[in-house]
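The values are calculated or read from the model by the stated rules, or taken from the named source; none is laboratory data. Computed from a predicted model, the values in this text were never measured in an experiment. Here the Cβ positions follow ideal geometry from the backbone for every residue, glycine too, while neighbour counts run over all protein chains shown. With ligands, DNA and RNA removed, areas are computed over all heavy atoms of the protein, side chains included. Shrake-Rupley method; radii C 1.70, N 1.55, O 1.52, S 1.80 Å.
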Amino acid sequence: MKISILNRVKLLCMTSLLACSAYSYANKMAPIVDDFSHPNNNSLGIKRQFLDDKVAGGNSQATIKVIDGKLHISGEIEPPRGQPGWASSVLLLNPEGLPQDVSKFSGIRLLIKLRSGNISISANSTDISNFDYHSAMLMVQADDKFHEIKIPFDSMKRTWSEQTKLNTTTINSLSIVSFGMQKTPFEYQLDEVGFY
(Lines give C-alpha, C1' and ligand atoms only; values in the text may rest on other atoms or scores of the structure.)
Protein backbone atom coordinates (compact mmCIF):
# COMPACT_ATOMS: atom_id res chain seq x y z
CA MET A 1 0.00 0.00 0.00
CA LYS A 2 2.82 2.41 0.87
CA ILE A 3 4.55 1.71 -2.45
CA SER A 4 1.37 2.53 -4.34
CA ILE A 5 0.98 5.87 -2.53
CA LEU A 6 4.65 6.64 -3.08
CA ASN A 7 4.29 5.89 -6.79
CA ARG A 8 1.25 8.17 -6.98
CA VAL A 9 3.17 10.98 -5.31
CA LYS A 10 6.07 10.46 -7.73
CA LEU A 11 3.67 10.48 -10.69
CA LEU A 12 2.00 13.65 -9.43
CA CYS A 13 5.39 15.34 -8.96
CA MET A 14 6.58 14.29 -12.43
CA THR A 15 3.35 15.50 -14.03
CA SER A 16 3.64 18.85 -12.26
CA LEU A 17 7.27 19.19 -13.30
CA LEU A 18 6.45 18.45 -16.95
CA ALA A 19 3.53 20.89 -16.92
CA CYS A 20 5.75 23.64 -15.46
CA SER A 21 8.47 22.92 -18.02
CA ALA A 22 5.98 23.07 -20.89
CA TYR A 23 4.55 26.34 -19.58
CA SER A 24 8.03 27.80 -19.16
CA TYR A 25 9.08 26.69 -22.64
CA ALA A 26 5.89 28.07 -24.22
CA ASN A 27 6.51 31.48 -22.66
CA LYS A 28 10.05 31.90 -24.02
CA MET A 29 10.29 34.85 -26.40
CA ALA A 30 11.11 33.91 -29.99
CA PRO A 31 13.97 35.81 -31.63
CA ILE A 32 11.79 36.87 -34.61
CA VAL A 33 9.04 39.34 -33.71
CA ASP A 34 7.92 40.00 -37.29
CA ASP A 35 9.03 38.70 -40.68
CA PHE A 36 6.00 40.33 -42.36
CA SER A 37 4.83 37.08 -43.91
CA HIS A 38 1.24 37.83 -42.78
CA PRO A 39 -0.62 40.91 -44.06
CA ASN A 40 -1.97 42.00 -40.64
CA ASN A 41 -0.32 40.04 -37.82
CA ASN A 42 3.27 39.86 -36.63
CA SER A 43 5.14 36.54 -36.36
CA LEU A 44 3.77 36.08 -32.82
CA GLY A 45 0.22 36.11 -34.25
CA ILE A 46 -0.57 39.57 -32.84
CA LYS A 47 -2.14 42.33 -34.93
CA ARG A 48 0.27 45.12 -35.90
CA GLN A 49 -0.58 48.61 -34.66
CA PHE A 50 0.11 52.00 -36.19
CA LEU A 51 -0.05 55.30 -34.29
CA ASP A 52 0.73 58.89 -35.23
CA ASP A 53 0.82 62.39 -33.80
CA LYS A 54 -2.85 63.18 -34.49
CA VAL A 55 -3.47 62.29 -30.84
CA ALA A 56 -1.22 65.27 -29.95
CA GLY A 57 -2.55 67.73 -32.55
CA GLY A 58 -0.27 66.81 -35.45
CA ASN A 59 -1.29 65.91 -38.97
CA SER A 60 1.25 63.27 -40.01
CA GLN A 61 0.06 60.77 -42.60
CA ALA A 62 1.26 57.25 -43.43
CA THR A 63 0.48 54.66 -46.07
CA ILE A 64 1.13 51.11 -44.87
CA LYS A 65 1.28 47.97 -47.02
CA VAL A 66 2.70 44.47 -46.71
CA ILE A 67 4.03 43.33 -50.10
CA ASP A 68 6.02 40.13 -50.70
CA GLY A 69 6.91 39.71 -47.02
CA LYS A 70 8.04 43.29 -46.51
CA LEU A 71 6.35 46.16 -44.67
CA HIS A 72 6.27 49.30 -46.85
CA ILE A 73 5.61 52.58 -45.02
CA SER A 74 5.64 56.01 -46.58
CA GLY A 75 4.10 59.34 -45.75
CA GLU A 76 4.71 62.81 -44.46
CA ILE A 77 5.50 64.08 -41.00
CA GLU A 78 3.49 67.20 -40.18
CA PRO A 79 4.14 67.96 -36.51
CA PRO A 80 1.95 69.85 -34.07
CA ARG A 81 3.16 73.35 -33.30
CA GLY A 82 6.27 73.35 -31.13
CA GLN A 83 6.51 69.56 -30.89
CA PRO A 84 8.07 66.78 -32.94
CA GLY A 85 5.82 64.95 -35.37
CA TRP A 86 5.83 61.17 -35.57
CA ALA A 87 4.32 58.06 -37.13
CA SER A 88 4.95 54.73 -35.41
CA SER A 89 4.70 51.02 -36.21
CA VAL A 90 4.09 49.11 -32.97
CA LEU A 91 4.83 45.39 -32.63
CA LEU A 92 3.30 43.95 -29.46
CA LEU A 93 5.08 41.00 -27.83
CA ASN A 94 1.94 39.82 -26.03
CA PRO A 95 -1.73 40.12 -27.13
CA GLU A 96 -2.72 41.72 -23.81
CA GLY A 97 0.31 44.04 -23.74
CA LEU A 98 1.81 42.14 -20.81
CA PRO A 99 5.56 42.44 -20.19
CA GLN A 100 7.84 39.81 -21.68
CA ASP A 101 11.31 38.76 -20.59
CA VAL A 102 13.81 39.35 -23.41
CA SER A 103 16.86 39.37 -21.13
CA LYS A 104 18.37 36.33 -22.87
CA PHE A 105 18.98 38.60 -25.89
CA SER A 106 21.57 41.37 -26.30
CA GLY A 107 19.46 43.78 -28.34
CA ILE A 108 17.14 44.44 -31.27
CA ARG A 109 17.89 43.41 -34.84
CA LEU A 110 16.24 44.85 -37.98
CA LEU A 111 16.51 44.38 -41.72
CA ILE A 112 15.55 47.81 -43.05
CA LYS A 113 15.69 49.80 -46.27
CA LEU A 114 15.48 53.57 -45.82
CA ARG A 115 14.47 55.84 -48.67
CA SER A 116 13.95 59.09 -46.71
CA GLY A 117 13.32 60.51 -43.25
CA ASN A 118 14.52 59.96 -39.70
CA ILE A 119 13.85 56.61 -38.00
CA SER A 120 14.27 55.43 -34.43
CA ILE A 121 13.38 52.29 -32.53
CA SER A 122 12.18 51.97 -28.96
CA ALA A 123 11.92 49.06 -26.54
CA ASN A 124 8.73 49.81 -24.64
CA SER A 125 8.90 48.78 -21.00
CA THR A 126 5.97 48.59 -18.60
CA ASP A 127 8.33 50.21 -16.04
CA ILE A 128 8.07 53.51 -17.98
CA SER A 129 4.92 55.54 -17.34
CA ASN A 130 5.57 58.76 -19.32
CA PHE A 131 6.13 57.27 -22.80
CA ASP A 132 9.81 58.33 -22.81
CA TYR A 133 10.88 54.79 -23.67
CA HIS A 134 14.45 53.65 -24.20
CA SER A 135 15.20 54.34 -27.86
CA ALA A 136 17.98 54.66 -30.42
CA MET A 137 18.33 56.36 -33.78
CA LEU A 138 18.64 54.00 -36.72
CA MET A 139 21.63 55.09 -38.74
CA VAL A 140 20.81 53.69 -42.16
CA GLN A 141 22.22 54.78 -45.50
CA ALA A 142 19.41 55.76 -47.91
CA ASP A 143 20.84 53.70 -50.78
CA ASP A 144 17.80 51.57 -51.70
CA LYS A 145 19.37 48.46 -50.13
CA PHE A 146 18.39 46.43 -47.08
CA HIS A 147 20.76 46.77 -44.14
CA GLU A 148 21.02 44.66 -41.01
CA ILE A 149 21.02 46.96 -37.98
CA LYS A 150 21.74 45.74 -34.45
CA ILE A 151 20.89 47.97 -31.50
CA PRO A 152 22.31 46.74 -28.15
CA PHE A 153 19.85 47.17 -25.29
CA ASP A 154 22.50 48.91 -23.19
CA SER A 155 22.92 51.64 -25.88
CA MET A 156 19.23 52.67 -25.76
CA LYS A 157 18.49 55.89 -23.86
CA ARG A 158 15.49 57.91 -22.74
CA THR A 159 15.20 61.28 -24.49
CA TRP A 160 14.01 63.76 -21.88
CA SER A 161 13.65 61.83 -18.63
CA GLU A 162 16.17 60.76 -16.03
CA GLN A 163 18.35 58.01 -17.46
CA THR A 164 17.44 54.60 -16.07
CA LYS A 165 18.66 51.15 -17.04
CA LEU A 166 16.35 49.38 -19.47
CA ASN A 167 14.65 46.51 -17.66
CA THR A 168 14.63 43.80 -20.34
CA THR A 169 12.28 41.62 -18.28
CA THR A 170 9.42 44.14 -18.75
CA ILE A 171 9.29 44.78 -22.52
CA ASN A 172 5.79 44.65 -23.99
CA SER A 173 6.39 46.05 -27.50
CA LEU A 174 8.84 47.49 -30.01
CA SER A 175 8.12 50.70 -31.92
CA ILE A 176 9.71 51.82 -35.19
CA VAL A 177 9.16 55.58 -35.38
CA SER A 178 9.48 58.10 -38.22
CA PHE A 179 9.86 61.59 -36.78
CA GLY A 180 10.70 65.20 -37.54
CA MET A 181 10.49 68.75 -36.23
CA GLN A 182 9.14 70.11 -39.50
CA LYS A 183 7.06 68.95 -42.43
CA THR A 184 9.07 66.25 -44.15
CA PRO A 185 8.46 63.07 -46.20
CA PHE A 186 9.54 59.62 -45.03
CA GLU A 187 9.70 56.17 -46.60
CA TYR A 188 11.15 52.86 -45.49
CA GLN A 189 10.69 49.09 -45.74
CA LEU A 190 11.12 46.43 -43.07
CA ASP A 191 12.00 42.84 -43.93
CA GLU A 192 12.45 41.56 -40.37
CA VAL A 193 12.36 42.77 -36.76
CA GLY A 194 13.50 40.71 -33.80
CA PHE A 195 16.12 40.15 -31.14
CA TYR A 196 19.71 38.91 -31.24
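Before I look further, what does the stretch 53-141 give for accessible area per residue, probe 1.4 Å, in whole square angstrom? Please list the in-between numbers first.
Numbers: 4280 Å² over 89 residues.
Solvent-accessible surface per residue comes out at 48 Å².
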Original post:
Which links in Lys104/Lys165; Lys65/Lys157; Lys28/Lys70; Lys47/Lys70; Lys54/Lys183 stretch past 22 Å when you go from one Cα to the other?
Top reply: Lys65/Lys157; Lys28/Lys70
Subject >> Ranked packing of 69-78, 44-53, most packed first, by mean Cβ within 10 Å >> reply: 69-78, 44-53
**OP:** May I have the pair-distance distribution P(r) for the stretch 88-152, computed from all Cα-Cα distances with 10 Å bins from 0 and rounded to whole percent?
**Re:** 17, 48, 27, 7
**OP:** For His147, tell me the accessible area in Å² from a 1.4 Å probe, rounded to the nearest 10.
**Re:** 50 Å²
**OP:** Output ³J(HN,Hα) for the stretch 117-134: one whole-Hz value per residue in order, computed from phi by the Karplus curve 6.51 cos²θ - 1.76 cosθ + 1.60 with θ = phi - 60°, and x for Gly and Pro.
**Re:** x, 9, 10, 9, 10, 10, 9, 8, 9, 5, 6, 9, 9, 10, 6, 8, 6, 5
Original post:
Under a no-solvent Debye model with one identical scatterer per Cα of the stretch 65-196, what's log10 I(q)/I(0) at q = 0.13, 0.17, 0.20 Å⁻¹?
Top reply: -0.55, -0.94, -1.25
Subject >> Candidate aspartates and glutamates - alpha carbon under 15 Å from Lys113, same-chain residues fewer than 8 apart omitted >> reply: Asp35, Asp68, Asp143, Asp144, Glu148, Glu187, Asp191, Glu192
**OP:** Whenever you get a sec, compute what percent of the accessible area on the chain sits on carbon and sulfur atoms (1.4 Å probe).
**Re:** 56 percent
